[in-house]
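Asks: So that we are looking at the same thing, I have put the structure below in structure tokens.
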Amino acid sequence: MYADRLLPHDPESEEAVIGSLLIDGDALTNVTSFLKTSDFYVAKNRWCYESCLALFERNEPIDQVSIAHELSQRERLEEVGGSAYLSHLVTSVPTSVHIEHYARVVQRASIMRQLITAAGDIAAIGYEGSADTEGTLAQAEDVLFNVRTGWGTRDFIHLREILDTYMEDTATFDASGEKGLAPIPTGFPDIDKLLGGGLQRSDMVVLAARPSLGKSTLAFNIAHYAASNGSRVGIFSLEMSAEQIAIRLLAGEANVNSHRLRIGLTNEAEDRRVLDAIGALSDLPIYIDDTPIQGIVEMRGKARRLESQRGIDLIIIDYLQLLSGSEGNRNENRVQEMGLISRSIKAMARDLDIPVLAVSQLSRAVEQRPSHRPLLSDLRESGSIEQEADVVAFIYREDQYSSREEWEQRNPNDPYPQDIAEIIISKHRNGPTGMVPLYFKSALVKFESLDRAETSRELV
């Protein structure tokens, strides 16, 4: 019945988006978090936006001349109408101030087109006449779910908002001042000593380990300490929700078992500590983006916007292998894609002049060697990550690979390293490498320096 109707689209808004970018290339950071190339209905506008994203990835200026050159390199310039069309786009909007409004109109039209396509797919499912009614309904729901997950996006949420929600369920601090040039301390003096005072500005720092060894925990511990000392921290969590991160931070701050905190089995004394911890954490300048599926372009745009709105001193990405490259590079293999991602993260660190701490998985090669200590070659899709990173640190725990009996047979004179994690600095572009032992308090989901851990254990 609708076959003769044109699909929803708004060519004027599409042109206004591209025109705004030609006037002010920096405006791209306002829309990359939600606007995709596929949202453009008119092919020539889609090609122009794709060229803008490509220039953004390479950290090159976005203007009429650079876009014309990029389109020419892609053999698309004549197809879009040449430089005359680009000039038309520039004159179509007086200012880039309203680019987000135009982009939302483009996105909305795209969603409507997706709904129409989904309706056709659901109709086809209905016509199949399967005897499995529940299965058929599930298929139809999946079609609509894919539309929703395709356009839905999240952005940074202040930790206070997450903790306020937690308080409601269980019954902004705007840091000012100019960003300095000092490194960001990690909260672990021996690590800071190796790194020249902490995480250095413009450095890409990779923290890698096998699953369940505490790499996310250590990253969040660093975030907590940095924020406690006035640094503004942005966390991109592609694996855990913002609520899960908040619970982890809360457990560590309140010294309460994270599992009991999560299921509400805390006693009166612990509840008092939790309330005090919520008060302390709520004032920390920590911003969390828990969008589960996002590309590096979207991430860079969000980071730039956070910098312009709040200021930022440290970015944490958890974790690297869950990131995707640009839409225009879907046909590349994963190694090539990780190369693009690694270069983009390093460019983001340099562009914002802040350290970027990227958590990374290690390959299974670690498990297959007699010695399970990680090597640089164990980084998954390692070549590009190792090359771009200024610092590569590994987490190694002997107690995860050797029982107490096995250890005592091999090392009769040494105590069993129960809950001892070795932080191995295997690459340091501008300084020494080495190893720092830390104590891992799994119940409280936090690491501590050994001397502090010994003191706290004596007090208990």
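Asks: Six or more apart or on different chains, Cβ under 6 Å: which pairs go from a residue in region 173-199 that's at negative phi to one that's among the polar types (S, T, N, Q) and modelled with pLDDT of 50 or more? Could you list them?
Replies: Close Cβ pairs satisfying both conditions: Pro183/Gln200; Ile184/Ser231; Phe188/Ser449; Asp192/Thr186.
Asks: Say we look at region 52-94 and pick out the residues that are farther than 14 Å from Asp26 by Cα and touching an Asp or Glu at 6+ places or on another chain (Cβ under 7 Å); which of these is modelled with the highest pLDDT?
Replies: Leu89
Asks: Of the residues Gln64, Gln73, which single one is crowded, with 16+ Cβ neighbours inside 10 Å and either of a type outside the set (Phe, Trp, Tyr) or over 30 Å from the mean Cα position of the chain (by Cα) (or both)?
Replies: Gln64
Asks: Of the residues that make up region 385-407, is at least one assigned by TED's automatic domain parsing to the domain that holds Ile341, acidic (Asp, Glu), at pLDDT 90 or above and within 24 Å of the chain's Cα centre (by Cα)?
Replies: The answer is yes, given that some residue of region 385-407 is assigned by TED's automatic domain parsing to the domain that holds Ile341, acidic (Asp, Glu), at pLDDT 90 or above and within 24 Å of the chain's Cα centre (by Cα).
Asks: Here is a check on your reading of the model: is Asn45 closer than 30 Å to Phe156 by Cβ and in a loop (DSSP other than H, G, I, E, B)? Quick ask: steps written out before the conclusion?
Replies: On the way: closer than 30 Å to Phe156 by Cβ: yes; in a loop (DSSP other than H, G, I, E, B): no.
Answer is no for this residue.
Asks: Also, quick follow-up: Would you mind telling me which numbered condition in (1) outside any loop (DSSP other than H, G, I, E, B); (2) of a type outside the set (Gly, Ala, Ser); (3) over 18 Å from the mean Cα position of the chain (by Cα) Ile315 fails?
Replies: Here Ile315 meets the rest and fails (3).
Asks: Ok, one more. Of everything in region 278-297, what is in a loop (DSSP other than H, G, I, E, B) and either under 11 Å from the mean Cα position of the chain (by Cα) or buried (at least 20 other Cβ atoms within 10 Å of the Cβ) (or both)? Give them in sequence order.
Replies: Hits for region 278-297 are Leu284, Pro285, Asp290, Thr291, Pro292, Ile293, Gln294.
Asks: While we're looking at this one, here's another question. Can Glu381 be described as surrounded by 13 or more Cβ atoms within 10 Å (Cβ to Cβ), under 28 Å from Asp353 (Cα atoms), modelled with pLDDT under 90 and not aromatic (Phe, Trp, Tyr)? Give the derivation first.
Replies: Working: surrounded by 13 or more Cβ atoms within 10 Å (Cβ to Cβ): yes; under 28 Å from Asp353 (Cα atoms): yes; modelled with pLDDT under 90: yes; not aromatic (Phe, Trp, Tyr): yes.
Considered against the rule, which asks whether it is surrounded by 13 or more Cβ atoms within 10 Å (Cβ to Cβ), under 28 Å from Asp353 (Cα atoms), modelled with pLDDT under 90 and not aromatic (Phe, Trp, Tyr), Glu381 comes out as yes.
Asks: Moving to a separate point now. Which one is modelled with the lowest pLDDT among residues in region 329-362 that are aliphatic (A, V, I, L, M) and outside any helix (DSSP H, G or I)?
Replies: Taking the candidates together, the pick is Leu362.
Asks: Can you find, within region 191-208, the residue that is surrounded by the most Cβ atoms within 10 Å (Cβ to Cβ) among those that are within 19 Å of the chain's Cα centre (by Cα) and in a loop (DSSP other than H, G, I, E, B)?
Replies: Checking each candidate, the answer is Asp203.
Asks: Among the candidates Arg46, Arg5, Arg76, Arg58, single out the residue that is within 19 Å of Arg304 (Cβ to Cβ) and among the basic types (Lys, Arg).
Replies: Just one listed residue meets the conditions, Arg58.
Listed here are the residues, each with its yes/no results for (1) part of a loop (DSSP other than H, G, I, E, B); (2) among the β-branched types (Val, Ile, Thr).
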{"site": "Asn59", "(1), (2)": "yes, no"}
{"site": "Ala68", "(1), (2)": "no, no"}
{"site": "Glu78", "(1), (2)": "no, no"}
{"site": "Val105", "(1), (2)": "no, yes"}
{"site": "Ala109", "(1), (2)": "no, no"}
{"site": "Gln114", "(1), (2)": "no, no"}
{"site": "Ala118", "(1), (2)": "no, no"}
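Asks: Of Ser13, Ser38, Ser33, Ser20, which residue is assigned to a helix (DSSP H, G or I), among the polar types (S, T, N, Q) and at pLDDT below 90? Step through it out loud before you land on a result.
Replies: Working: Ser13 fails: at pLDDT below 90; Ser33 fails: assigned to a helix (DSSP H, G or I); Ser20 fails: at pLDDT below 90.
Unique residue meeting the criteria: Ser38.
Asks: Here is a follow-up. So if I check each of Arg300, Arg334, Arg305, which one is surrounded by fewer than 17 Cβ atoms within 10 Å (Cβ to Cβ) and not hydrophobic (A, V, I, L, M, F, W, C)?
Replies: Checking each option against the conditions leaves just Arg334.
The values are calculated or read from the model by the stated rules, or taken from the named source; none is laboratory data. Here the structure is a predicted model, which is why all the values come from computation and not from measurement. Cβ coordinates were reconstructed from backbone atoms using ideal geometry, including for glycine residues, and neighbour counts include every protein chain displayed.
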